[in-house]
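Student: Before anything else, here's the structure in question.
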Amino acid sequence: MVAIVMRTYERPVLLARAIASVQNQTFSDWELIIVNNGGNPAGVESVVSVARNTSGTSAITVLHLPERVGMEEASNQGLRASTSQYFAIHDDDDSWRPTFLATAVQTFSSHSNAAAVLTGVTRVHETFKGGKVWPEKHENFPLADSRLTYGRLIGGNTFPPIAALFRRSVLDAVGYFDSSLPVLGDWEFNLRAVRDGGFVFVSERLANYHTRTPESDRAAGNSITVGEDLHLRVKKELQERWESEMEPNGKSKGSFSREVEAEVAAAEAKLQAEIVAAARAQSQGRTIRRIARAVRHPKRTVRAVVRRVRPTAKW
Amino acid sequence: MSTAQVLNAHSGITVLTVDFFDTMVTRTVAQPTHVFAVMEQLLVQKHGSRWAGVAYERVQAEHRARVAAAHTDALRDITIEEIAVELAVAMGLSATEQSTVISEEKSTEISLAKAVPAAAAIIAEAQTRGIRVLIVSDNYMPASHLVSMARAAGYSWVTPEHVIVSCEHGGFKHNGVLWKKVLEVAGVPAAQILHIGDDQEADNVQPSKLGIATHIDTRMRLSHRDMHNTSPDVLPLSRIEATQRDSMYESEWNVAHALGDGLVGMVVAAQVADVMNVVKQREVAGIHFAARDGWLAHQAWNKLRESGVALPLASYTAFSRSVIWRASLTELTPDNVGRFIGEDEVLTIARLERRVGCALSSLYRPDEEIDAQSARAVLLENDKQVVAASQQLRQRVLGYFELQGLLKPGHHIVVDLGWTGSTIADMADLITEATNGASTLEARLTGMYWDATPNRMRVSMHGYAMTEFESLDNNLRLLGVIKLMEALVTAPHGSVVDFADASQNFQPIFVETAPELFAYEKLMGRVGEAAIASALALVQGTHASGVTAKDITPTALWAAILQVGQSPRRDEVEALSIVRHVTSIDHEGDGTPLVASPPSSPKSFPQGQLPDLYNTLIHGHWLQGSLRSCSYGDDTRWIADEIGHRWPFMKSQWVSSQLA
């Protein structure tokens, strides 16, 4: 019922983890298509053979592409190799909580015309060093109904692929991913897909979007964190390409995209300024409370200071 | 003291006042704030994930409401409406949602209320003797609500006139204000009043100041833990602990039973239920419970089979990190020789020979003590003998595995507590090589942490309560409780250090150490017995708490591990202080204590050494148990506080992973 396309290239440790996240799903009617995008077949097969022992099923298919193609072409090849009612693009470095598929499929039952169901996302900052993954921080990835409309998405992508389960018939209606795009193919596809029934959002955070910190071994980096310049360049190119396409509001799609992008940037800058101001006010308040506490409890303060300056002694 | 004795000891009384919560009425959960966890569960069920996290926010909202009230009147108590306002601000609730949450909290309280037997008996006896009964409570709920709760618990005689509650009278029991109101309502001299309650300050010190006689009974508090941990995931253990509190009410608190029936029983039930699910879904060539972490589950598995449950035969298979690693050794180099000898170890040649399983030639006397560096040099000089001994061990290990059925072609399940899975991954390599890939392993682990990631490439692994997908905080919390889990989930025998030869059927040779035997005899044996009984009841759906294996979801088990491991009660820390871990490769020596002793000179202990101390505690001991032990001493409390301050995720308070 659900096809999961997992693109991978030379990241066996992360691939093993990603496959485990699929195998741990409480929803069991899935097929996993791993697209080895020109990487060493032996490495992928080694991980998959171990994984197949866990699943005990033949629901894992591997496509070894002879040479590396773009991310979107890899997705398309995986999709064309599968049949299903729904599909998801599960990158080899991301993961789901066990109830992601069950929740998304259940949500589709009451929103059968929706193009996709998305869940809340946790952003996991992690370092990949010496063949091991070291989680650094988990934080809420800002996602809400308001960020999933065409009018908001046109300004820039608002969610990672791991958050979404798509209705497969969307592919028939709007086409596959644009293979010519080196990055941001998911954004371009989302803009077409959202107009075919809209996106439904479930706020529970069931998807984990993993990003590697700059200290990580380079091969394990995200396409976004490693290639920010490329993303900016491709975005500009897309906006230029859209200049000739007209929106129902009478603006060109390219202008509309730039306009929304500017509005979002301004709103985010304003919000950031408010957060900084609030943090500053809180910090000032904390200092005042500390001074007040020191005045109220002078002995306790002296003891704390003494503890901090006490010379070294043995355990 | 019996009911009659309590009343006879105060023969002149005409009024009996009774504290309400945990004296007269309790709940079917282990601690008061778990009412909010039940409330959250119900709100999410009825109205969706909008209400996820409301229990945690509810606790915080009450705190903020109390702080705000204290600014204007430090003596008065707050009301449920004031708490709801704070909650509304935090969660952005509408007026309707505010009413919903108040109404749900009240109805949840009523549904969970039950009478405390001792108080019910005293009240009944007092009423028989014609003594008037009043209820006195420090609480934010109105008297009318306490009446509803009392009636739900079986006190049908209670009316609002019987209830004196702090939020309606401008002061608490614990600051003395409410006691003046009690005297006024009672209308008799203080000497004619007996009060029964569970709080030293509120129910004893303050009323005694006015001449009111008191009787304190704290038995209903024995199940309390940290009040901030309120995710609905805590409820299975909470319900079990509430049942323990009630069943041990008339006897002495039995910490071994509490641990075994609670956390350990849940772990064992989860291990068994997980394997039952696997064999329902697919065929496996063999099921193998690992020594020693799988001993309890293996016992439970066999008892289920004996009781007629259709389950396949499962083996109890001995292996250990040291044996598997030695059996895998093909070359001894300066890089890997360290795995035979710890950095700080002082050894003799005789002990070293036992450790590597062969005679060693050296210039040292057999009983002469040598440091780790010298010992490693001796091994490298004897590398051929060491490798040959390892290869012989490999044959014995494989001979044993064959008898255990592990080399039978097909896919085998190995049940273990887990953590990094490296030992099972090494074992899988041995077996794959010996069978040319005909036999494969899958590890069903209770918990894994981040080191497990590369091992996933070597062996199929499934972490039940915890995986490396979780936050770093949870990974570290797991690290801090690993030693505790290994101590609790154990067997009546020591670790395997070798295997006999073919003439003795490759029998595993377990090493028995005095510290482990002592702990097993004093405590762990009883924990294990209770755990097996509890696990059977949980799997069969007959546990007195009503909890079943289905309730022990991965997050519920994780919450149970953290409730005990991260928020231990004092009785647990004290009981577990006798446990020592013998972790050397040959399992000789006295080992290290599970609960580390506080520094001998805490007043002069330097702040600069706290990181080293933290590191030692988290890797070598039960971190939170050791910190709790520190927190009990006036001189050492600052160390626990400071570590909690510097590494806040290691405070005893934790929340579910969604909020972490």
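Here, each number is a calculation from the coordinates, and none is a lab measurement. Only a predicted model underlies this, so the values are computations on that prediction, with no experimental measurement involved. Here the Cβ is made from the backbone with ideal geometry for all residues, glycine too, and neighbour counts use every protein chain on show.
Student: Let me see the pair-distance distribution of region A:2-244: every alpha carbon pair, 10 Å bin width, integer percents in order.
Tutor: Values per bin, smallest distances first: 7, 33, 40, 18, 2, 0.
Student: Another one. Under the Kirkwood approximation applied to all pairs of distinct alpha-carbon atoms, what is the hydrodynamic radius of region A:172-271 in Å?
Tutor: 16.1
Student: Between region B:157-185 and region A:9-28, how far is it from one alpha carbon centroid to the other, in angstrom?
Tutor: Result: 60 Å between the Cα centres.
Student: Round to the nearest 10 and give me the degree value, 0 to 90, for the angle of helix B:95-112's Cα axis relative to the longest principal axis of chain B.
Tutor: Between helix and principal axis, roughly 80 degrees.
Student: Another question, then. Measuring from centroid to centroid over Cα atoms, what is the spacing of region B:27-104 and region B:113-129 in Å?
Tutor: Taking the Cα centre of region B:113-129 as reference, the centre of region B:27-104 is 31 Å away.
Student: Which of the trypsin sites (Lys or Arg not before Pro) found in region B:264-312 are in a DSSP loop and have at most 16 neighbouring Cβ atoms, other than their own, within 10 Å?
Tutor: Sites meeting the loop and neighbour criteria: B:Arg282.
Student: Please give the FRET efficiency for B:Met227 paired with B:Glu161, using the beta carbon to beta carbon distance and R0 = 25 Å, rounded to the nearest 0.05.
Tutor: Calculated value: 0.20.
Student: A further question on this structure: If R0 is 51 Å, what FRET efficiency do you get for B:Ser99 and B:Val309 from their C-beta distance, rounded to 0.05?
Tutor: Given R0 = 51 Å and the Cβ-Cβ separation, E is 0.55.
Student: While we're here: For every helix of n ≥ 4 consecutive DSSP H residues, a contribution of -39,500 (n - 2.57) applies; sum these over chain A, divide by its total residues, and give [θ] at 222 nm rounded to the nearest 500 deg cm²/dmol.
Tutor: That calculation yields -14000 deg cm²/dmol at 222 nm.
Student: Given labels modelled 7 Å from the Cα in the Cβ direction, how far is it in nm from B:Ile578 to B:Ala359?
Tutor: 4.3
Student: Please report the antiparallel percentage of DSSP beta bridges with both residues in region B:3-247, rounded to the nearest 5.
Tutor: 15
Student: Quick one: length gained pulling B:Asp335 to B:Asp590 fully straight, 0.36 nm per residue minus the C-alpha distance?
Tutor: Extra length from B:Asp335 to B:Asp590 when fully extended: 89.0 nm.
Student: In chain B, with Lys and Arg counted as +1 and Asp and Glu as -1 at Cβ, which of these residues, B:Met427, B:Met461, B:Ala297, has the Cα nearest the positive end of the dipole, that is, farthest along it?
Tutor: Towards the positive end, the residue furthest out is B:Ala297.
Student: May I ask for the net charge around A:Asp196, where only other residues with Cβ less than 15 Å from the Cβ of A:Asp196 are counted and Lys, Arg are +1 while Asp, Glu are -1?
Tutor: +2
Student: Over chain B, what is the relative contact order in whole percent, taking alpha-carbon pairs under 8 Å and six or more residues apart?
Tutor: Normalised by residue count, the contact order of chain B is 14 percent.
Student: Going by amide H atoms built from the backbone, whose H comes under 5 Å of the H on A:Ile33, apart from near neighbours?
Tutor: Here A:Ile4, A:Val5, A:Met6, A:Thr61 satisfy the definition.
Student: Here is a follow-up. So for the pair B:Ala388, A:Val174, with labels modelled 7 Å out along Cα→Cβ, what separation do we get in nm?
Tutor: Label-label distance for B:Ala388 and A:Val174, simple model: 7.2 nm.
Student: Which whole-number percent is the relative contact order of region A:2-244 (Cα, under 8 Å, 6+ apart)?
Tutor: Value for region A:2-244: 24 percent.
Student: When only DSSP loop residues count, what GluC sites (Glu not before Pro) in region B:486-525 have their Cβ near at most 16 other Cβ atoms within 10 Å?
Tutor: For GluC sites (Glu not before Pro) across region B:486-525 that sit outside H, G, I, E and B with at most 16 neighbouring Cβ atoms in 10 Å, the list reads B:Glu512.
Student: In region B:199-288, what GluC sites (Glu not before Pro) fall in a loop by DSSP, with at most 15 other Cβ atoms inside 10 Å?
Tutor: Of the GluC sites (Glu not before Pro), the ones in loops of region B:199-288 whose Cβ has at most 15 other Cβ atoms within 10 Å are B:Glu250, B:Glu252, B:Glu283.
Student: From largest to smallest, what semi-axes in whole angstrom does the protein assembly as shown give when each is the square root of 5 times an eigenvalue of its alpha carbon gyration tensor?
Tutor: 49, 42, 28
Student: For region B:380-395, what does the Karplus curve 6.51 cos²θ - 1.76 cosθ + 1.60, with θ = phi - 60°, yield as ³J(HN,Hα) per residue in whole Hz, taken in order and with x for Gly and Pro?
Tutor: Running phi through 6.51 cos²θ - 1.76 cosθ + 1.60 with θ = phi - 60° gives 5, 5, 10, 4, 5, 5, 5, 5, 4, 5, 5, 5, 5, 4, 4, 5 Hz.
Student: Give the calculated FRET efficiency between B:Gln281 and B:Asp641 to the nearest 0.05, with a Förster radius of 60 Å applied to their Cβ-Cβ distance.
Tutor: 0.80
Student: Moving to a separate point now. Dipole of region B:409-470, Cα-centred, from +1 at each Lys and Arg C-beta and -1 at each Asp and Glu C-beta, to the nearest 20 debye?
Tutor: Around 140 debye, computed over region B:409-470.
Student: Given the -39500 (n - 2.57) contribution per DSSP H run of 4+ residues, what per-residue ellipticity at 222 nm results for chain B, rounded to the nearest 500 deg cm²/dmol?
Tutor: Result for chain B: -14000 deg cm²/dmol, rounded to the nearest 500.
Student: Hey, another quick one. Where Rh is the Kirkwood radius over the Cα pairs of region B:180-233, the temperature 25 °C and the viscosity 0.890 mPa s, what D in µm²/s does Stokes-Einstein return?
Tutor: In µm²/s, the coefficient is 189.
Student: Which value in nm describes the separation of the simple spin-label points at B:Glu81 and B:Asp367, placed 7 Å from the Cα toward the beta carbon?
Tutor: 8.4
Student: To the nearest 20 debye, what charge dipole does the protein assembly as shown have about its Cα centre, counting +1 at the Cβ of each Lys and Arg and -1 at the Cβ of each Asp and Glu?
Tutor: 1620
Student: Also: Cα centroids of region B:265-342 and region A:101-139: how far apart, whole angstrom?
Tutor: 32
Student: Please compute the contact order of region B:3-247 in relative form: average sequence separation of alpha-carbon pairs under 8 Å and at least six residues apart, divided by the residue count, as a percent.
Tutor: Reported as a whole number, the value is 32 percent.
Student: Provide a whole-number value for the mean count of partner chain Cβ atoms within 10 Å of the Cβ atoms in peptide A:127-136.
Tutor: 4
Student: Mind putting together the pair-distance distribution for region B:383-520? All Cα pairs, 5 Å bins, whole percent per bin, short to long.
Tutor: 2, 9, 15, 17, 18, 18, 13, 7, 1, 0, 0
Student: Still on this structure: Treating the beta-carbon of each Lys and Arg as +1 and of each Asp and Glu as -1, no other charges, what is the dipole magnitude of chain B about its Cα centre, to the nearest 20 debye?
Tutor: 1120
Student: So if I restrict to the alpha-carbon atoms in region B:66-179, what is the Rg, and what is Dmax, the biggest pairwise distance, in Å?
Tutor: Cα only, region B:66-179: 16.1, 53 Å (Rg, Dmax).
Student: So which of B:Lys384/B:Lys408; B:Lys114/B:Lys209; B:Lys106/B:Lys181; B:Lys181/B:Lys209; B:Lys114/B:Lys173; B:Lys483/B:Lys522 end up more than 21 Å apart, counting from Cα to Cα?
Tutor: Over 21 Å apart, Cα to Cα: B:Lys384/B:Lys408; B:Lys114/B:Lys209; B:Lys106/B:Lys181; B:Lys114/B:Lys173.
Student: In region B:497-542, with Lys and Arg counted as +1 and Asp and Glu as -1 at Cβ, which of these residues, B:Leu523, B:Leu536, B:Ala502, has the Cα nearest the positive end of the dipole, that is, farthest along it?
Tutor: Farthest along the dipole direction, towards plus: B:Leu536.
Student: In addition: Taking Rh as the Kirkwood radius, which is the inverse of the mean 1/r over Cα pairs, what is the Rg/Rh value for chain B?
Tutor: 1.04
Student: Out of residues 5 or more away from B:His195 or on other chains, whose amide H comes under 5 Å of its own, with H placed 1.01 Å from N in the peptide plane?
Tutor: Result for B:His195 returns B:Thr17, B:Ala213, B:Thr214, B:His215.
Student: Over all directions, the average projected area of the alpha-carbon convex hull for region B:3-247 comes to how many nm²?
Tutor: Mean orientational projected area (region B:3-247, Cα hull): 12.8 nm².
Student: Another one. Between B:Arg50 and B:Lys522, 0.36 nm times their residue separation minus their Cα-Cα distance comes to what?
Tutor: My answer for the length gained is 165.1 nm.
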